[in-house]
Amino acid sequence: MTAVQSATSREATAFSAALDVVGEVEPTVASAIRQELADQRSSLKLIASENYASPAVLLAMGNWMSDKYAEGISGRRMYAGCQNVDIIEQAAASRAKAVFGADHAYVQPHSGIDANLVAFWAVLAQRIETPVLADFGTSNIDDLNEAQWAELRSKLGNQRMIGMSLDAGGHLTHGFRRNISGKMFDQRTYGTDPTTQRIDYDEVRRLAREFRPLLIVAGYSAYPRLVDFAAFRSIADEVGATLMVDMAHFAGLVAGKVLQGDYDPVQHAQIVTTTTHKSLRGPRGGMVLCDNELAEHVDRGCPMVLGGPLPHVMAAKAVALAEASTPAFASYAQQIVANAKALSEGLLQKGTSLVTGGTDNHLVLMDVASSYGLTGRQAESALLDAGVVTNRNSVPRDPNGAWYTSGIRMGTPALSTLGMGQAEMTEIAGIIHEVLSATKAGTTTSGGTSKVNYDLDAKVRERAQERVKELLDKHPLYPSIQLG
Ligand SMILES: Cc1ncc(COP(=O)(O)O)c(C=O)c1O
C-alpha cells in the first residue's frame, strides 16, 4: 500500500482544517482546491509526467518555511536567520546523494527547466569561463577590461551541444531555437533509427565526431525505451564533451533501482538534472546532481540563474526523497514498468501500433494516426470524454506536426501510485482501444477532413465512463480525505 492509498483520518483532518482557514480569507481558492481533488478523483491519469504526491509531501509545503529568503547555499547565505532552511536543504541534498549515489546534489531549482539552465550555466562556467579568466590572470570577472570581457562573452556564446530531436522524444530545453538553450548553444540533433525507432548510437557518435560539441545531452520526454548512458559517456569522452542527462521523466526508476548499470545516468554522466514531481513522486520542483568538479558552479545557481530558493518546497523534496529511499518505493518503481508493459501488451493485442513496438520504461507512445486514422489532438479529446487523461505527442517524423501530432503519450506512474496493477492496465488498454475505434475524424466547415473535430459514439463513451469509474472506485485517491 502506498502512502497515497493509506492516507489516514489525521491527514484528512489536516487538509480539511487548512482549507477552512484558506476559505475564510478567499473562498474561491478553497473551493477550487476542493474541486481539484474531486476532478482528479474522477478520471484515469495517464499523463506520463504526473503523479500523486503523498500527504506528507503536500503538507511539508504548506507552511511558514515559505516566508524565508535564503539566497546562496547552506553555510553561505546572503540573508541571516537561515538555520532551519540550512537543516532542510542539507537533509534534501544528503537524501538525494544517498538515493542516487551522486557526489553532489543541488536541490534549489524550482522546476526541471530551471535545473537544466543551472546545468548549462555550470558547464559553461567550468569549461569556458574559469579557464578564460585564468588565461587573463584572474578569477574575478569584474577584473576584465572591455576587450577581455567581449572575448569571454564571445567564447561563452559560441559553444555547441547535441540533443535528442523533439519528434524522437527530446525536450525543448535541449538546445532548440525557440528555447533560450538554443540561443545559448549552437545545437544539432540526433534522432532515432527510422526502422527500429530506437536511438542509433553509431549515428550519435558520427554526429559528435563531426560537430565536436562541448555538451552532449541525453534524456527525453517521450522515448519508451532504455537509454545506454555508458555508450553516451564513451561518445562524450571521445570528443571531449561533457555528458549531461536530463532524467526528469525517469528519476523514479533510477531511485527505485529499476535502471541500473549502463542505464543508470548518475553513474555515467558528469551532470544530471531532474524534476522531482514526475515518477519521483515529490513536490513540483527540480534538482541537479553532479560530479565534485562541477559542484562549485552548480551551487551558484541562485542568484546567477535562479530566483531565491523555495524552502518549503525543499522541505517537501527531503520528505519525498526519504520516501524514495524505502523498499516500498523500489517495489513501486518496478510496478510502474510492469504496468507500462501490461498496457503496451494490451494495446498491441488489439492491433494498436506503438512507437518502437513496446516499452521498457514508464511510458507508452501510441501512433493513433496509423492505428485509428486520428490525429493526436482528436484522440486526446475523445479519451478525455471517456475519462482517460493523456496527452498528444509527436511520433518520429510526424506527418501531423507538433501541434496536431499523430501520437498519444501515456505513462503509468500515477495509476501505479493508486495501487493499480497489470490486470487494471489490460482493462484500460481495452477501454482505450474501444474508445478510439469508435471515434471518427470530423469535417471542417469547408467539408475537408478536420484534424480537430471528431465524433465519438455516445454509447461507447458512456460504457467507457462506467468502466473508468469502476476502476477508480476500487483504487481511490487519498481515500480517507473527505472534504465536504
Ligand atoms: C525531459 C524534461 N526535462 C525538463 C522538463 C521540464 O520540467 P518542468 O516543467 O518542471 O520545468 C520536462 C517536462 O515536461 C521534461 O520532460
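Any read-out appearing in this document is the output of simple, stated calculations on the displayed coordinates, not a laboratory observation. These figures come from a predicted structure and were not determined experimentally. All Cβ positions, even for glycine, are placed from backbone atoms using ideal geometry, and neighbour counts span all protein chains on display.
Report for the stretch 78-324 the percent antiparallel among DSSP-assigned beta bridges with both residues inside it, nearest 5.
On the way: 9 of 25 bridges.
If we restrict to bridges inside the stretch 78-324, about 35 percent are antiparallel.
Considering only lysines 8 or more places apart in sequence, or on different chains, count the pairs in the stretch 327-474 whose C-alpha atoms sit under 28 Å apart.
Close lysine pairs under the 28 Å cut-off: 15.
Exposure proxy check: Arg198, Arg212, Arg10 ranked by fewest other beta carbons within 10 Å?
Least crowded to most crowded, the residues run Arg10, Arg212, Arg198.
Only sites in a loop by DSSP and with at most 12 other Cβ atoms within 10 Å count here; which trypsin sites (Lys or Arg not before Pro) in the stretch 385-484 make the cut?
On the way: sites: Arg392, Arg397, Arg409, Lys440, Lys451, Lys459, Arg461, Arg463, Arg467, Lys469, Lys474; in loops: Arg397.
Passing sites in the stretch 385-484 do not exist.
Applying the Karplus parametrisation 6.51 cos²θ - 1.76 cosθ + 1.60 with θ = phi - 60° to the phi angles of the stretch 304-314, what ³J(HN,Hα) value in whole Hz is obtained for each residue in order, glycine and proline being reported as x?
6, 10, 9, x, x, x, 9, x, 5, 6, 4
Assign one of three labels to the stretch 401-484, namely rounded, prolate or oblate, based on the Cα gyration tensor with a ≥ b ≥ c the square roots of its eigenvalues; rounded applies when a/c is under 1.5, prolate when it is not and a/b is larger than b/c, and oblate otherwise.
Note, shape of the stretch 401-484 comes out prolate.
Can you work out the FRET efficiency for the pair Lys350 and Gln40, with r the C-beta to C-beta distance and R0 = 25 Å, to the nearest 0.05?
0.35
How would you classify the chain from its alpha-carbon gyration tensor, with a ≥ b ≥ c the square roots of the eigenvalues: rounded for a/c under 1.5, else prolate if a/b is greater than b/c, otherwise oblate? Please list the in-between numbers first.
Numbers: a/c = 1.92, a/b = 1.25, b/c = 1.53.
It comes out oblate by the Cα gyration axes.
What is the angle, in °, between the Cα long axis of helix 27-41 and the longest principal axis of the Cα atoms in the chain? Nearest 10 is fine, range 0 to 90.
Approximately 70 degrees, to the nearest ten.
Please work out how many pairs of lysine residues in the stretch 78-324 are eight or more positions apart (or on different chains) and have Cα atoms closer than 22 angstrom.
7
Which of the three applies to the stretch 119-187, rounded, prolate or oblate, going by the alpha-carbon gyration tensor with a ≥ b ≥ c and a/c under 1.5 meaning rounded?
prolate
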